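*Asks:* I'd like to ask you about the structure that follows.
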Amino acid sequence: MKRMIIDGISCEFENARNVLEVAKQNHIDIPSLCYCESLSVYGGCRLCVVENERGAVEAACTMVPKDGMVIRTNTAKLRKHRQMILELLLVSHRSECTTCDKSGKCKLQEYAKRYGVKDVRFPINYCKEPIDNSSDCIVRDPSKCILCGKCVRMCAEIQNVRAIDIANRGSSSIVSCGFGRKLADSDCVGCGQCAAVCPTGALMIKNEVSEMWKAIYNSSKSVAVQVAPAVRVGIAEEFGLPADVPVMGKIVTALRMLGVDYIFDTSLTADLTIMEESAEFMEKLKNGDKLPMFTSCCPAWIKRVENKYPHLMPQVSTCGSPMEMFGALIRQQYADEDVFSVAVMPCTAKKAEAKRPELIKDDERLVDLVLTTQELARMIDEAGIDFAHLPDSEPDSPFNTYTGAGVIFGVTGGVTEAVIRHVLGATTDESICKIAECGVRGLEGIKAFEITAGDVQLKIAVANGLANADKLIEKIESGEEFFHFVEIMACPNGCIGGGGQPSACQVRKAERYEGIFVADSECSLRSSEQNPALDGVYKLLRNRAHDLLHVHYPDHKAE
Amino acid sequence: MTKVDFKLIDSILEKYGCDKSKIIPIMQEIQAEYKFLPEAALMYVADKIGETYAELYGVATFYKDFSLNEKGKYVIKVCNGTACHVRKSDDVQEALYEITGMKPGDYISADGLFTIERVACLGACGLAPVCTVNGVVHPQMTPDKMRALIMDLREAERS
């Protein structure tokens, strides 16, 4: 074990990436705006400067930790440097904190406060480019951008979408799509990971809270809300609760207090997805259709297929996403009522999915509005609800049952595990523990494993993050690997790490992962086919089941 | 609107083996052909070499020498390095704007003939203040010499 001294405290480390990480592991918070554990080191903001024994100043994010190093993180010199950096950043940032959606979560605001930056001596000179409101998922405000480059690295390194990059040079640098286009006209898939790492309000989730209030306050409309599996482990952090304790009961209570009429758990249609998707997969396997079959729940992945792999579209499952299926159920169940159908999702791309022409059935959108976890937390805040102390409530009948298999849709590998449980008929704790060991669990970017189902040996792969998906597809297309079934989730760690969830570090995301399996184990039913509501659902949909539960995306992008 | 000859772009790409790391020489050759980088050409290159539009745009806008805007028939570079600056290159530039009817920020004159670029140093400080017209050096410029030069160029165009 190596050892270094930070602020007089002896800190042990082994294989730490940089001094910043060593400090973090030892509970010393060095400020930084451009560093992110999952991205490459940029060394741009210089806020993380530390001072060594000889008074030399260096950025902690680019400093390799060495045995015997002695550094200080909070000297007079460093404080002065940081104040100056912050002052200069504030000059090039449109500060409108009282009305900014990011207020309270803005790193720049936090550090300005922490380092006592009281007045700015230089003339204000922020970027005058207009706000880009073109995307259904994300809003980009260049006037608040401090050029930390996290969004650019996220889009390139984790997602490999590269829809944005830094254009121009020096003081005229801006983050921009190709040829200064708008996000909607770029290759952006709407995953929202850029917004998740943005330290300021330059990239934000499209806030549609006011739409929701309007619907709630409209007495001639009833409001039906479905809540996705991953929301139960994300929202609690906004209210100071631990990440690994699922809080679905509190969410239901909060929604009732907000004035929502019908509340459901999307896990039910996750079960429905499993029934449909498994049947589709077995059919393809039997018919000798081209495999692998790709999952279709993730809207950012679907968008990616359309943009980059249109030829793979026929191999993507035709099952609609669980959100869409629930939208269809709500429309059928309340056909004679004016229902405003809302989905609370961990996902920004769902906002765009809900607006797709394929999701308009009988001249009506299946889902009227998608709110992200963050937006729901905001509403709970706005309503003055003390979330942490809420009692639990149950979702509404007749769609109030769900199984653990539906809940685990929220994590990478979850859809696959649910399919395996269904195919193998695993309903007991014991059989599920056995499945958990087959290689489907874990937060690795790509997992490949085999299972035996009857007399077939099935090869399965699970990828999260679109860069990992690209790697996997390259292997499949080159013929290096073959799989029967491939699950892809665009966001790192799956929906629990979605762009609509509260921003979180990797440790927190791992806790959420555990939380989902806690919620799974709390379910008395663990495999989708056990869900007693499914019979009723199929009766409700009658002969329209296939029409309403499946989507046929156009094979090719319109040229 | 400049029409892009994709066969020509193909030949440039072929020369560099569609190699991502050769993007700068590829762009230079395209620019040598069109005097600027037409958007259609860059999009074509991006698709061929497997880069995204955003990344190519980033490279093209980083270097001052690359232009995404169409240029005039005569590209006039006015040096504003230290030596030229103290020898009143500003006056020369002012005269140039006046006679071409352009203003700072314009990429091309209304008649499509001229583009004015203010550059840091042309490396000919002994000839200050210095200008180049399509690469031809004009030493010891004055506002009057500049006016005469533009008149000559216009005259040459007319005949």
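No value in this document is a laboratory result; all are computed from the given coordinates. Just so you know, these numbers come straight off a predicted model, no measurement behind them. Positions of Cβ are backbone-derived with ideal geometry, glycine not excepted, and every protein chain shown enters the neighbour counts.
*Asks:* How big is the antiparallel share of DSSP beta bridges in the range A:210-549, given as a percent to the nearest 5?
*Replies:* Values: 10 of 32 bridges.
Bridges in the range A:210-549 that DSSP calls antiparallel: roughly 30 percent.
*Asks:* A follow-up question, please. Output the antiparallel fraction of DSSP beta bridges having both residues in the range B:77-159, as a percent to the nearest 5.
*Replies:* Details: 5 of 8 bridges.
Taking every DSSP beta bridge within the range B:77-159, about 60 percent pair in antiparallel fashion.
*Asks:* Shape verdict for the range A:432-545, please, from the Cα gyration tensor: rounded (a/c under 1.5), prolate (a/b greater than b/c) or oblate. All intermediate terms of the calculation are to be shown ahead of the outcome.
*Replies:* Working: a/c = 1.57, a/b = 1.16, b/c = 1.35.
Oblate, since a/c reaches 1.5 and b/c is not below a/b.
*Asks:* For chain A, what is the relative contact order in percent, using Cα pairs closer than 8 Å and at least 6 residues apart in sequence?
*Replies:* Values: 1090 pairs, mean separation 86.3, N = 559.
Reported as a whole number, the value is 15 percent.
*Asks:* Quote the relative contact order of chain B in percent (integer), defining contacts as alpha-carbon pairs under 8 Å separated by 6+ residues.
*Replies:* Once divided by the residue count of chain B, the mean separation gives 20 percent.
*Asks:* Helix A:248-258 sits at what angle to the longest principal axis of chain A, using alpha carbons and giving 0 to 90 degrees rounded to 10?
*Replies:* For helix A:248-258, the angle is close to 90 degrees.
*Asks:* Return B:Asp152, A:Asp455, A:Asp185 ranked ascending by Cβ neighbour count within 10 Å, so the fewest neighbours appear first.
*Replies:* Numbers: B:Asp152 10, A:Asp455 5, A:Asp185 15.
Fewest to most other Cβ atoms nearby, the residues stand as A:Asp455, B:Asp152, A:Asp185.
*Asks:* In the range A:334-391, how does Rg compare with the Kirkwood Rh, expressed as the Rg/Rh ratio over alpha carbon atoms? It would help to have the intermediate numbers written out before the result.
*Replies:* Working: Rg = 14.3 Å, Rh = 13.1 Å.
Taking Rg over the Kirkwood Rh, I get 1.09.
*Asks:* Please list, by residue number, every one of the trypsin sites (Lys or Arg not before Pro) in the range A:127-176 that is coil in DSSP and has at most 12 other beta-carbon atoms within 10 Å.
*Replies:* Details: sites: A:Lys128, A:Arg140, A:Lys144, A:Lys150, A:Arg153, A:Arg162, A:Arg169; in loops: A:Lys128, A:Arg162, A:Arg169.
Passing both the DSSP loop test and the Cβ count: A:Lys128, A:Arg169.
*Asks:* How many angstrom lie between the Cα centre of the range B:34-95 and the Cα centre of the range A:164-211?
*Replies:* Distance between centres, Cα-based: 25 Å.
*Asks:* Exposure proxy check: A:Thr372, A:Thr401, A:Thr416 ranked by fewest other beta carbons within 10 Å? Numbers along the way, then the final one.
*Replies:* Details: A:Thr372 32, A:Thr401 22, A:Thr416 25.
Listing A:Thr372, A:Thr401, A:Thr416 from fewest to most nearby Cβ atoms yields A:Thr401, A:Thr416, A:Thr372.
*Asks:* Sticking with this one: Looking at the protein assembly as shown, what % of its DSSP beta bridges pair antiparallel, to the nearest 5?
*Replies:* On the way: 35 of 65 bridges.
So the antiparallel bridges amount to about 55 percent of the total.
*Asks:* OK, next. What FRET efficiency comes out for A:Lys355 versus A:Asp7 if R0 is 60 angstrom and r is the Cβ-Cβ distance? Round to the nearest 0.05.
*Replies:* Numbers: r = 51 Å, r/R0 = 0.85.
Rounded to the nearest 0.05, the efficiency is 0.70.
*Asks:* Please work out whether the range A:2-74 counts as rounded, prolate or oblate from its C-alpha gyration tensor, where a ≥ b ≥ c are the square roots of the eigenvalues and a/c under 1.5 means rounded, while otherwise a/b larger than b/c means prolate and anything else oblate? The partial results should precede the final answer.
*Replies:* Details: a/c = 1.71, a/b = 1.25, b/c = 1.37.
The shape class here is oblate.
*Asks:* For A:Cys11, enumerate residues with amide H under 5 Å from its amide H, sequence gap 5+ or separate chain, H modeled in the peptide plane.
*Replies:* A:Met4, A:Ile5, A:Ile6
*Asks:* Would you mind giving the average projected area, over all directions, of the Cα convex hull of chain A in nm² with one decimal? Display every interim value, and only then the final one.
*Replies:* Numbers: hull surface 110.4 nm².
If I average the Cα hull's projected area over directions, I get 27.6 nm².
*Asks:* Measure nothing but the geometry: give the 0 to 90° angle between the long axis through the Cα atoms of A:299-308 and the longest principal axis through the Cα atoms of chain A, rounded to 10°.
*Replies:* Here the helix axis deviates by roughly 80 degrees.
*Asks:* Could you put A:Glu208, A:Glu480, B:Glu157 in order, starting from the residue whose Cβ has the fewest other Cβ atoms within 10 Å? The partial results should precede the final answer.
*Replies:* Numbers: A:Glu208 17, A:Glu480 8, B:Glu157 11.
Ascending Cβ contact count within 10 Å gives the list A:Glu480, B:Glu157, A:Glu208.
*Asks:* Still on this structure, I have one more. Relative to the first principal axis of the alpha-carbon coordinates of chain B, what is the inclination of helix B:143-158, with its axis defined by its Cα atoms, in degrees from 0 to 90 and to the nearest 10?
*Replies:* Around 60 degrees separate the two axes.
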